[in-house]
Amino acid sequence: MERINEDMAGAVKWDRNGLVPAIAQQHDTGEVLMLAWMNKEALEETLATGRVCYWSRSRRKLWRKGETSGHVQRLVEARLDCDGDTVLLLVDQTGPACHTGERSCFFRRFDAPA
């Protein structure tokens, strides 16, 4: 696996709003937990503290995962995709990741065609 030696935030291709999608995945099972958004400050805080922080587009402020629910995400490893436009966060999730109480935000399934 290639390691990024330069400042991680400097390698990210931010969108026109200064955001990048971030996928949270349980580090030991591979389960995809959620997708959220990060700005540079959220990514830098996550890398510095080891506790995952996102940018809330609806509240227009930093969102420290679990700050009200207690369902925190501890960062195990952060990766940047080959294009530099998506962050993958390998995390240790405490409690459910989804605000609905489900373990993953991806609990709904499309019906397969007959």
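Nothing in this text is a laboratory measurement; each read-out follows from the coordinates by a stated rule. Note that the structure is a prediction, hence the values are computed from the model and not measured. So basically every Cβ, Gly included, is an ideal-geometry build from the backbone, and we count neighbours across all protein chains shown.
With only Lys, Arg, Asp and Glu charged, each at its Cβ (+1 for the first two, -1 for the last two), find how big the charge dipole of the chain is about the Cα centre; round to the nearest 20 debye. Before the final figure, lay out each step's value.
Details: 16 positive and 17 negative charges, 114 e Å.
My answer is approximately 540 debye.
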Straight-line reach check, Lys13, cutoff 16 Å on alpha carbons, 8 or more apart in-chain or any other chain, hits among aspartates and glutamates -> Glu41, Glu44, Asp81, Asp83, Asp85
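What's the extension gain from Ala112 to Arg51 if we count 0.36 nm per residue and subtract their Cα-Cα distance?
Values: separation 61, 0.36 × 61 = 21.96 nm, distance 3.75 nm.
Extra length from Ala112 to Arg51 when fully extended: 18.2 nm.
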Taking the reciprocal of mean 1/r across every pair of different Cα atoms in the chain, the Kirkwood radius in Å is 14.7
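At 0.36 nm per residue, and after removing the present C-alpha to C-alpha distance, how many nm does the segment from Asp81 to Lys61 gain when stretched out fully?
Numbers: separation 20, 0.36 × 20 = 7.20 nm, distance 2.49 nm.
That works out to 4.7 nm of additional length.
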